[in-house]
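The values are calculated or read from the model by the stated rules, or taken from the named source; none is laboratory data. Note that the structure is predicted; figures quoted are calculated from it, not measured. Ideal geometry is used to build each Cβ from the backbone, glycine not excepted, and the neighbour counts take in all protein chains shown.
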Ligand SMILES: [Mg+2]
């Protein structure tokens with residue numbers, strides 16, 4: 001399937017478009033997915049058994065509690081490896097990282113960082129060192145499928161979807177695999193509100209917004225990204241779009257404020273400027289850049 005063509009073919013039905021990140025923004029699934037699915041599989045497939053405590057601290061910091069929260073899973077591995085190497089326990093216990101050369105080359109040249117692209121690259125290049133990363137990612141998907149059920153959207157999500165319905169085009173902009181996104185949006189009967197679900201197979205979030213809006217006549221102040229991570233903000237800014245943050249740890253309040261004030265401001269043109277700046281200020285304070293563990 002040509003994922004980019006799919007985004008470009010999305011038809012413009014309204015003057016406004018709202019793009020929603022899914023994990024940690026619409027659904028409170030970040031802790032569940034990372035702690036029960038991603039991290040155990042990371043320790044297993046990357047040979048981190050001897051430093052499991054530190055590997056877990058690093059994994060959670062990178063993917064949940066810092067400015068890289070919500071990054072693509074393969075980028076998360078790269079960031080976690082870099083941070084793990086700085087920890088004395090990792091060095092003292094003689095643990096070594098897997099061979100990452102081919103993996104880093106792949107990260108540097110591919111934007112559709114998902115299993116299909118990785119599998120195709122392994123097939124084409126014969127790089128056996130990449131197999132470990134695909135096996136890890138496949139196990140994560142399997143764990144998510146088994147584990148993640150019955151996690152309702154945050155209160156306020158349905159009100160926003162209903163209020164925007166008929167006024168704005170809506171889409172999901174995520175770095176989660178498509179099959180999980182489709183399952184989770186359908187489970188809660190919200191898939192009917194969105195025209196398009198874009199996942200990691202479609203490329204980066206910046207690309208999702210760009211390909212879905214470019215050349216279609218949306219004014220910049222009529223494009224809104226809703227997300228819980230700095231990467232979501234970066235995707236909005238790269239497209240000169242507006243950004244509504246769902247602040248980690250204050251998700252319920254963020255959605256309540258969005259229902260009360262944010263969405264109305266988006267439609268009446270008073271979102272940009274002071275209101276946007278105050279939202280970004282609160283968001284920036286919510287996640288640290290550097291860890292605070294004793295050996296940092
Ligand atoms: Mg998120």
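For residue 31, only one of the following conditions fails: (1) within 16 Å of the ligand (Cβ to nearest atom); (2) in contact with a strand residue (DSSP E or B) (Cβ under 7 Å, 6 or more places away or on another chain). What is its number?
(2)
Kindly check whether there is at least one residue in the range 35-51 that is in the same structural domain as residue 126 (by TED's automatic domain parsing), farther than 25 Å from residue 213 by Cβ, within 16 Å of the ligand (Cβ to nearest atom) and surrounded by fewer than 18 Cβ atoms within 10 Å (Cβ to Cβ).
Yes - at least one qualifying residue is present in the range 35-51.
Consider residue 149 carefully, then state whether it is modelled with pLDDT under 95 and surrounded by fewer than 21 Cβ atoms within 10 Å (Cβ to Cβ).
It is true that residue 149 is modelled with pLDDT under 95 and surrounded by fewer than 21 Cβ atoms within 10 Å (Cβ to Cβ).
Looking at 169, 191, 135, can you tell me which residue is closer than 23 Å to residue 212 by Cβ, surrounded by fewer than 18 Cβ atoms within 10 Å (Cβ to Cβ) and more than 16 Å from the chain's Cα centre (by Cα)?
Going through 169, 191, 135 in turn, just one is closer than 23 Å to residue 212 by Cβ, surrounded by fewer than 18 Cβ atoms within 10 Å (Cβ to Cβ) and more than 16 Å from the chain's Cα centre (by Cα): 191.
Going by the structure shown, is residue 211 touching a strand residue (DSSP E or B) at 6+ places or on another chain (Cβ under 7 Å) and either in a loop (DSSP other than H, G, I, E, B) or closer than 30 Å to residue 106 by Cβ (or both)?
The answer is no for residue 211.
Any chance you could count how many residues in the range 190-208 are assigned to a loop (DSSP other than H, G, I, E, B) and free of Cβ contacts under 8 Å to residues at least 12 places away in the same chain?
So the count comes out to 0.
Name the helices (runs of 4 or more DSSP H) wholly within the range 250-292 that hold at least 3 residues that are within 22 Å of the chain's Cα centre (by Cα)?
251-257, 274-285
Just the residues that are within 15 Å of the ligand (Cβ to nearest atom), surrounded by fewer than 18 Cβ atoms within 10 Å (Cβ to Cβ) and farther than 22 Å from residue 76 by Cβ, please, taken from the range 206-259.
Within the range 206-259, 250 is the sole residue that qualifies.
Of everything in the range 267-292, what is surrounded by 11 or more Cβ atoms within 10 Å (Cβ to Cβ) and either within 16 Å of residue 249 (Cβ to Cβ) or not assigned by TED's automatic domain parsing to the domain that holds residue 219 (or both)? Give them in sequence order.
Correct list: 279, 282, 283, 284, 286, 287, 288, 291.
Can you name the residue in the range 4-25 that is touching a helix residue (DSSP H, G or I) at 6+ places or on another chain (Cβ under 8 Å) and closer than 12 Å to residue 198 by Cα and is also nearest to the ligand (Cβ to nearest atom) among such residues?
Across the range 4-25, the extreme among qualifying residues is 21.
Could you list, in sequence order, the residues of the range 28-56 that are outside any helix (DSSP H, G or I) and over 21 Å from residue 229 (Cβ atoms)?
46, 47, 48, listed by residue number.
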